[in-house]
């Protein structure tokens, strides 16, 4: 279960937003909340949460999930686990946090009533081994909350270099069942493009035959996802021909596409106030309200999400916005 620590020795999560966690945008600005708050509010509403308990955040980073949990369950004892101690002091300053552990998962002591791992599992070379270890750390009736990118809704996950695994809802739930967890909730609509799994210790083991076939049909669609990514590049490059082009979004998809198009992209667009006014890939990040009628903006998101954003921003801002291609079956390039 050794984790490739060298990759993450200087890993700077949310660097562009100065360490502030990703925002989940609602219809109104008042509805904008951090991802951890949205996730934990939904998860904790489904379980009987005692007034006191012990919680472990596996892969705690800067402590965003611990901070959100602390605000929702102020009398719980919280522990963070990370590969290194870069943010140890920051994490220990969060109310309710009583420990920060680092190193290998096998060395985590004690037992917990609730464990979270938010966008961690896809980074691990041995996800099954880590989940088996976390299963042993849960008290009877304890819960494990997992969130990972949904490969079926977000093909851009294929371009992330440090993602060892890609999960569909079925693959993730089958893996949890095979280890012995009981699936309480499997959701794809809590946060766009993500799979969320709420598990309880216990449950029946998946048979060997089902282990071998779990998620196999989902894998059949991966070549089409790669083909779609090729078409995204072609479409964005066409939009940039003879025009000033911006990329809407500064996360994975926007960064990947901006890197490929390079000088053909002159700016980025983002609605996150923590990112606006900074530079990404040496290009300015502006708010959509600063756009002009002469500018073109490509929406670097999976098509369904891009369409929802397009309908909102095209009616509110003067620039010309462009959608990625619709996800249709296509043959892979030879």
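The values are calculated or read from the model by the stated rules, or taken from the named source; none is laboratory data. These numbers were taken from a predicted model, which means no experiment stands behind them. FYI the Cβ positions are ideal-geometry reconstructions off the backbone, even for glycines, and counts take in every protein chain you see.
Being part of a helix (DSSP H, G or I) and within 18 Å of the chain's Cα centre (by Cα) is the filter; apply it to the stretch 108-130 and report the residue that is surrounded by the most Cβ atoms within 10 Å (Cβ to Cβ).
Looking at residues that are part of a helix (DSSP H, G or I) and within 18 Å of the chain's Cα centre (by Cα), I get 121.
Can you give me the number of residues within the stretch 68-98 that are out of contact with any helix residue (DSSP H, G or I) (no Cβ under 7 Å at 6 or more places or on another chain) and assigned to a helix (DSSP H, G or I)?
Going through the stretch 68-98 one residue at a time, the tally reaches 6.
Would you tally the residues in the stretch 277-286 being touching a strand residue (DSSP E or B) at 6+ places or on another chain (Cβ under 8 Å) and either at pLDDT below 95 or in a loop (DSSP other than H, G, I, E, B) (or both)? Working first, answer last.
Pass one, the stretch 277-286, residues touching a strand residue (DSSP E or B) at 6+ places or on another chain (Cβ under 8 Å): 277-281, 283-286.
If we keep only those that are either at pLDDT below 95 or in a loop (DSSP other than H, G, I, E, B) (or both) as well, we get 277-278, 281.
Going through the stretch 277-286 one residue at a time, the tally reaches 3.
For (1) at pLDDT below 95; (2) surrounded by fewer than 17 Cβ atoms within 10 Å (Cβ to Cβ), each residue gets a yes or a no:
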| position | (1), (2) |
| --- | --- |
| 94 | no, no |
| 98 | no, yes |
| 134 | no, no |
| 137 | no, no |
| 155 | yes, no |
| 163 | yes, no |
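Name every residue in the stretch 287-308 that is farther than 14 Å from residue 251 by Cα, touching a residue at least 40 places away in the same chain (Cβ under 8 Å) and in a loop (DSSP other than H, G, I, E, B), in order of residue number.
Answer for the stretch 287-308, where residues must be farther than 14 Å from residue 251 by Cα, touching a residue at least 40 places away in the same chain (Cβ under 8 Å) and in a loop (DSSP other than H, G, I, E, B): 291, 294, 295.
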